1. Could you tally up the Lys pairs in the range 153-261 with alpha carbons closer than 20 Å? Skip any pair fewer than 8 positions apart unless they're on separate chains.
2. For helix 498-512, report the angle its Cα long axis makes with the longest principal axis of the Cα atoms of the chain; keep it between 0 and 90° and round to the nearest 10°.
3. Can you pick out the pairs among Lys112/Lys271; Lys60/Lys298; Lys60/Lys96 whose Cα atoms lie more than 30 Å from each other?
4. List the residues, sorted by chain then number, that are 5 or more residues from Asp2 or on another chain and whose placed amide H is less than 5 Å from its amide H.
5. Based on Cβ point charges of +1 for Lys and Arg and -1 for Asp and Glu, what charge dipole magnitude is obtained for the chain about its Cα centre, in debye rounded to the nearest 20?
6. Less than 19 Å apart at the alpha-carbon level, and either on another chain or at least 8 residues along: which lysines does that give for Lys402?
7. If you take the Cα Rg of the range 289-542 and divide it by 2.2 N^0.38 Å, with N the number of residues, what do you get?
8. Under 12 Å from the Cα of Lys459, which aspartates and glutamates turn up, not counting those fewer than eight places away in the same chain?
Amino acid sequence: MDDLQGVLKGQKIAYFSMEIGLSSEIPTYAGGLGVLAGDTIRSAADLNIPLVAVTLVSNKGYFRQILDPFGNQIEHTEEWNPARFMTLLAEEVSVKIQNRDVKIRAWLYNYKSLTGGCVPIIFLDTDVEGNEWEDRRITDFLYGGDQRYRLKQEIVLGIGGVRMLEALGFTIRKYHMNEGHSSLLALELLKRNGTDPVKVKELCIFTTHTPVEAGHDKFDYGLVEELIQDKNDVDTLRRFGGADRFNTSLFALNLSNYINGVTKRHSCVSKELFPGYQIQAITNGIHSYTWTSPYFRKLYDHYLPGWANEPELLVRVDGIPDNEIWEAHRNAKKALIDEVNRRTGVGMDYEALTIGFARRMTAYKRPTLVLSDLDMLRKINRRGRIQLIFSGKAHPHDEAGKQIIREIFKSMEILREDIKIAFLENYDMDLAAKMVSGVDLWLNTPTRPYEASGTSGMKAAHNGVVNFSVLDGWWIEGWIEGVTGWAMGPQPDEKLSEEEARAAELSDLYSKLYYIIVPMYYERRDDWVQLMNNSIAMIAYYFNSHRMMRRYVTHAYL
Ligand SMILES: *Cc1c(COP(=O)(O)O)cnc(C)c1O
C-alpha cells in the first residue's frame, strides 16, 4: 500500500486545506475549494512539484443528500472507510485542547501521476483510542457542528498538521494555507522560531478565497481562551489575529510574505477588504485531464498528443475537424441525458438545447435567477426547445440554500407541461464531470462580487460547453462577448446597486437566450461549434491548474 519512505526525500511545500476533493469515493470535500485542492495536488504530481498535502480525514464525510418530492433536503452521514484507500501510519502526535492532550494519527494517501510524480496526502484523524469520546469526534464531519467544533478542527489541522509532518520526517520548505482554516499553523511556527514574525512570514503563503468580510472565520476570544488556554498563545493570536475577535484570515495575512487572491478581480476586492496588504493574483485553474470527458480526451489524444501535461496545446484545437468536436459533444451529452432520464424519468431529449447549473446551493450563487420569470422561459422555449438540469447541496445549516432547492422543485412543477427540468440528487465530483461535459450551455449567475473565482465554467470549457455568466470571478478574464461565450449584466467596473445589477442581469439573461443563444444553437450550428472551439482554445488552454501551479512555483514557492 502507500509507503512513507519513498515520499520523504527532499524539501517539500506543505499544502494545508480543510477539504480536499480526490474522488467521489473519498467524501472529504464540500465544493469548489476542496476540488481546487484536489486539482492542485493532481497538477503538482503531474509536474513533479515537491508537495505534501495535509487535511482532516472527515470520517463521516460532508453529507449525503436525499431530496423528497418537494425538494426538502434530507442529510445522511457519508460514512466511509479510509482503510480502503490509504494506509494508517504508526506515528502519533498530540495537541492541547481544553487542557486535554488530544492524540492525532495520520492516514497516508500517495497520489501518483502517470508522469512518475507523487504527492503524499496526510489525513489527520482524532478517532484514536485513549482520546475522550468528544475529542474522537473532532475529525468526523467536514464543516459540521458549531464554532467550538470548527475551532477544534482548526487546532488539529493547523497545529496538529505541523507536528505530524515533523513526526513523519518531512522537511518543509514553505507552508501554503489554502484559505484561513489552517492559519493556526503559523502559531506553531512562531513557537519554533522564537516568536519572530519575520522568520515565520518567510515560511508562509496564504491564498484567500473569500471576497466578503462576513465570510472570514472569526472566533470570540472567550472561546479561544477556553480551548487554547495557554496565555502566551492567546496573546500571540491577539497580536496578529485581531484585537476583538480572532480572525483566521487576518492571522494568515500578518504572517505570510506571499498572499494571493484567486482571480485578478478577487485580488483587487481583497485589497479593499484588507487595506495595506500586498495581495497578488494567481487565477485558479482546473486539472485538464480529470475534467475532460472520455470523448474529448480521445480527440485531444489523437490530434494534440501531450495535451494533458501541456494544456497550452489546446490552443491548436482548430486543427480538429468540427464534425468530430460535435460528435464528441453529442456522446457526452447522451451520457448525461441517459443518466438524467434513468435517475428522474423526466424524459429529456438528446436534441434540445440543454442548460446546466450545478454548484453549492447557497444564496449568493442565485441558482433560481433563471427561474425568475417563468413566462419568459416559456417564450424562449417556443423559439427553440430548452431543458434545464440542476444539482447541488445546501450546507445543513443554510436555510436559505435549502429554500432555494424547494423553489427549483416548485418551478419544475409549474413548468412541467412546458419545459423539462431535472434536479439531480447528491452532487459530487462524478456528477460534476458528467454535467459540465454533457450540457450545451453552462449558466453562472452569482451576485457580484461574491464569486471569488468559480471553476465549474472552466471545466465546461474543456469540453466545448459554452459559458453564459455574470461578469464576476474568473469570467471577467475568460470572457470575450460572442467569442468565448456570453456575459449578462453590468460590465466589470460598472458600479450598480445589487438591485440595479440584478435587473440588468435578468434582462440580458432572457434576451440573449431568446435573440442570440437559442437561434444560434438551432439555426447556425457552425457558429455554435466555433464557440465550442473558442472555449477550448481561448479558455481551457489557460484556465487549467498546470498553469496555476507553475505560477505558484515561480511566484510563491521558490
Ligand atoms: C468544480 C466543482 C465545484 C465548484 O463549482 P463552482 O461553480 O465553481 O462553484 C463544486 N462542487 C463540485 C463537486 C465540483 O466538481
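1. Count of close lysine pairs: 7.
2. Here the helix axis deviates by roughly 40 degrees.
3. On the way: Lys112/Lys271 37 Å; Lys60/Lys298 36 Å; Lys60/Lys96 23 Å.
Where the Cα-Cα span goes over 30 Å, the pairs concerned are Lys112/Lys271; Lys60/Lys298.
4. Those qualifying (amide H under 5 Å, at least 5 residues apart or on another chain) are Thr87.
5. Values: 65 positive and 74 negative charges, 134 e Å.
Rounded to the nearest 20 debye, it is 640 debye.
6. Counting by Cα, and skipping residues close in sequence, Lys402 has these lysines nearby: Lys365, Lys393, Lys410.
7. 0.95
8. Asp39
The values are calculated or read from the model by the stated rules, or taken from the named source; none is laboratory data. None of these values were measured; they are calculated from a predicted model. A quick note on method: Cβ atoms are made from the backbone with ideal geometry, for glycine too, and the neighbour counts reach across all protein chains shown. Quick note on the areas: whole protein, heavy atoms, side chains included, nothing else; ligands and nucleic acids left out. Shrake-Rupley method; radii C 1.70, N 1.55, O 1.52, S 1.80 Å.
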